[in-house]
Amino acid sequence: MIRSAVLEERRRVARDLHDGVAQELAFIASQTRWFLREPENLQPLPEILDAVERALDESRSAIAALGRPVDESLDMALGHAALDVAGRVGARVHLELDDHIEVPPDWRDALLRITREAIGNAVRHGQARTISLQLQNNDGIRLRVSDDGEGFDVSAPRSPQSFGLTSMRERTESLGGEFTIASTPGSGTTVEVALP
């Protein structure tokens, strides 16, 4: 049983490295090659920096996963992920996490990755100083990440390289869930995931 859980966790970390760090590094490499051909065009530099920050977050997530107990509860894993991401920039995190929620491994993985992405976006792009993370089980799993950051216009077009929101939405929908985001310039952002 323990050996099987360890092997599954190693496979999950390998998938995360492939889908996260490796993809970000490939993007960084291609954008850097393009930039070297046209060094006077500074357009790709913010996108390269965002990809570097995402790759760092992905690698830290994988390292943390390898150091945690295989049987760590979902609330503890989410709390550690939130504190890790927000703590690097000095943002405060308020946690309201039900402590008896058990989910399948693919749900756990998706919730962890969505939490890290939502908090990373809040601190990197929204300049949030305080973030609230809630996890509840009321007729389905509900994850909510709210921040006091700058917010943004959700109807405005986004850069084709803006993968974060798309990734969170796709992860949620792949589990049969619903992803919503609410934000207004100057009023912070709230990301919600509802799983059946």
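What percent antiparallel are the DSSP beta bridges of region 70-196, to the nearest 5?
Values: 19 of 25 bridges.
Within region 70-196, antiparallel bridges account for around 75 percent of the total.
Roughly speaking, to the nearest percent, how much of region 47-196's 1.4 Å accessible area is carbon and sulfur?
Accessible surface attributable to carbon and sulfur in region 47-196 totals 50 percent.
For an R0 of 25 angstrom, estimate the FRET efficiency from the Cβ-Cβ distance between E72 and Q127 and round to the nearest 0.05. List each step's numbers first, then the result.
Details: r = 31 Å, r/R0 = 1.22.
It comes out at approximately 0.25.
Assuming a ≥ b ≥ c are the square roots of the Cα gyration tensor eigenvalues, decide whether region 76-196 counts as rounded (a/c under 1.5), prolate (otherwise, with a/b larger than b/c) or oblate.
In terms of gyration-tensor shape, oblate.
If R0 is 25 Å, what FRET efficiency do you get for T180 and L25 from their C-beta distance, rounded to 0.05?
Values: r = 31 Å, r/R0 = 1.24.
With a Förster radius of 25 Å, E is 0.20.
The values are calculated or read from the model by the stated rules, or taken from the named source; none is laboratory data. Remember, it's a predicted structure, so these values are computed and weren't measured experimentally. A quick note on method: Cβ atoms are made from the backbone with ideal geometry, for glycine too, and the neighbour counts reach across all protein chains shown. To get the accessible areas, we keep the full protein, side chains included, count just its heavy atoms, and leave off ligands, DNA and RNA. Shrake-Rupley method; radii C 1.70, N 1.55, O 1.52, S 1.80 Å.
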